[in-house]
1. Once you put a point 7 Å from the Cα of ASP412 and another 7 Å from the Cα of GLU74, both along the Cβ direction, what distance in nm separates them?
2. Calculate, in nm to one decimal, what THR179 and ASP477 gain on full extension: separation in residues at 0.36 nm each, minus their alpha carbon distance.
3. Assuming R0 = 56 Å, what is the FRET efficiency of GLN297 and LYS595, from their Cβ-Cβ distance, to the nearest 0.05?
4. Whole-Hz Karplus ³J(HN,Hα) for segment 261-276, in order, using 6.51 cos²θ - 1.76 cosθ + 1.60 and θ = phi - 60°, x for Gly and Pro?
5. Can you give the FRET efficiency for SER380 and GLU258, using 1/(1 + (r/R0)^6), R0 = 51 Å, r = Cβ-Cβ distance, to the nearest 0.05?
6. How far apart, in nanometres, would the label points at LYS403 and THR333 be if each is projected 7 angstrom from Cα along the Cα-to-Cβ direction?
7. What spacing in nm lies between the two simple spin-label points modelled at ASP212 and LEU453, each 7 Å away from Cα in the Cβ direction?
8. Quick one: of LYS572/LYS638; LYS86/LYS235; LYS93/LYS123; LYS116/LYS290, which pairs are farther than 19 Å apart, Cα to Cα?
Amino acid sequence: METINTAYQEEDRIIEERTHEGDELVRIMIDLNPHINILFDNNFNFIDCNPAATSFMGFKNKKETLAKFIETVEKGIPEFQPNGRKSETLAGKLSEAKKKGAVRFETIIIINGSRKSLDVEFKRIPYKKSFAIVGYIYDMTSIREHEIKLFRAQEKNELQLTKLNAVVNATKIGLWDVTIINNDPVNMGNVFTWSDEFRYMLGFSGLDDFPDTFEAWNDKLHPEDRGEAHNAINKHLGDKSGATPYDVEYRMRCKDGEYKYIRACGEAIRDKNGNAIRVAGAVMDITESKQVLLTTQKERNDAEEASKAKSIFLSNMSHEIRTPLNAIIGMTTIGIMAPSIEKKDHAFNKIEGASKFLLGVINDILDMSKIEANKLELSSVNFNYNETLQKVIDIIQPRIDEKKQIFLTTIDENIPETLIGDDQRLAQVITNLLSNAVKFTPDGGTIHLGSRLISQKDDICRLLVSVSDTGIGISADQKDRLFESFEQADARISRNFGGTGLGLPISKRIVELMSGELCVDSEPGKGAVFVFSVLLKYDAFEKNSPGRETEKERSAKINKSQNESVCDFSGKTILLAEDVEINREIVITLLEPTKLKIVCAENGTSAVSIFKESPDKYDLIFMDIQMPEMDGYEATQKIRSLENIPKAADIPIIAMTANVFREDIEKCLKSGMNDHISKPIDYNELMKLLRQYI
């Protein structure tokens, strides 16, 4: 009993949410359990039970059981138990379970005039932000009665034992009996007898496939439980005082190969010197109740592990967010107080760097949210592979130079110049791998970026990209957690190197969406090699037509054209629908050099009203999405539905919002908007949209 109580001492953490499917499954399992399950809240009010409890108490239905259970039980508890000890109250045992976490005991109780012998287990569990006490009650009356009969019938013949077995068959309880020869529990001549009900319990039909031998029983014991089963009976038989009980749980292999949980109990009959001359007892199948218990324990353990991982993640995330915020706030104060333009510019540069870092952290969180919701999608555009790599290198190079590291590249010249796929996501993966390599490689170390063409057929090619370093390396057990969400290879990494622990899980998912695989080869102290492959389309015509204008040439021409043109929108007016004052101020300040006239609306209702008053006045509308009174979607639909105003149908409406998921953009377009720009606002993107639509 001490072993069972000790196993339940650990405090359970409260897990508030369970899926409806999980709750329903547990309820079905409990309702089908032939043993009694009851539930008390944290004030020891009786709040739930299974049908077995109602049947046992003799009540008509569950409602009557809930109303009368505690009163009936308290009246049925005798003043003294059969062993002479004073009976404990129900409230007392519930209090003990609350304090210790779990308590198990046997008791006698009178129900409807009948004396019942019960094995009771109370266990504290998480429940609705507090706790509840769940009770598992086994009616041991039949077992105890049969034990007594066995003890009294030890001198009777085999016919009496057969009759007793017939009675036991109806109760689904198996019996066993061992006659001990020469006071030797391990004597090969000891006579074993197993009841047919015990055999049926395991799917065997009779003596042919389950003979009355020690070997037949021992062979079917689960290997992991065999030692405990042997120790339990040996301790009981070896204690001549009879004070050590025989009550043990173990698994036994059924005829079909499956295992069942068995609870066995019994007691020895001893001679005048205390030596066991015979031992008899009973067994019962507790598989159903055990599985419910194991399921609950597994759910608790899984929830605790998930909660622990997310707690560590949130702690890291708090650090990663607060660090750039501290820089932004601190440098803002320094900039305000700075007496010179140079110092103010220095503060602004620091604020810009910290802001970009913070935006990267937020983007990681958003990407992880989309991955967990299975909503991360890829775009498909034509892009120059070498230019994409160069952009990544340009981002990483300052950090490499800062740590005086050696950076090498090996790029296969056979890779098609123009590829078709999501260049931004591909760059995100390579950037993340290179960032990690720089982070975990000491000053003066070496980092290598390699890329080669694996296969090329029709218009499909497969690329292999590798990033290797001479850094700290990764152990075998760390590799198992490397690509798990909310985790890092080692808790010390976040303390020593920083980071959210989301980069690799995100990269892994992106690679998988590109029909590839991301893997790692590493040993502690010997650096690491990350390798991934991706499947991309390529434009054979672009590659084989040297006279055709390249992506780089087109971009250069566009940039030159844009830089040469004066962004002067004199005489043009836009309507800015934005409820946050500082956001309005940012847009107005950014667009001040363009000489645009800007009219502001603080919500969707106001935006519709202002447009209706002078529709021909406006050349474009920037529309926020989340606004009071009327959101941007509804405001856009209202404007587009103004049939008596011709301009309402074709005035450019551009979403200016922090809602940046693909489904958000699609919803904007579906509502009638022409385009989308995300917050924080990128100045170059803003200028591009103005040139396009005005």
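Read the figures in this text as sums done on the coordinates, not as results from a lab. Note that this is a predicted model, so its numbers are computed, not measured. Note that we place each Cβ from the backbone using ideal geometry, even for glycine, and neighbour counts take in every protein chain shown.
1. Between ASP412 and GLU74, the label points sit 8.1 nm apart.
2. Working: separation 298, 0.36 × 298 = 107.28 nm, distance 5.25 nm.
Here the segment from THR179 to ASP477 would lengthen by 102.0 nm.
3. Values: r = 70 Å, r/R0 = 1.25.
For GLN297 and LYS595, the calculated efficiency is 0.20.
4. 8, 10, 10, 10, 9, x, 8, 8, 9, 10, 7, 5, 8, x, 6, 6
5. Numbers: r = 51 Å, r/R0 = 1.00.
Step by step, r from the Cβ atoms, then E = 0.50.
6. My value for the distance between the label points is 3.1 nm.
7. So the label points at ASP212 and LEU453 sit 8.3 nm apart.
8. Details: LYS572/LYS638 23 Å; LYS86/LYS235 28 Å; LYS93/LYS123 10 Å; LYS116/LYS290 23 Å.
Pairs exceeding 19 Å: LYS572/LYS638; LYS86/LYS235; LYS116/LYS290.
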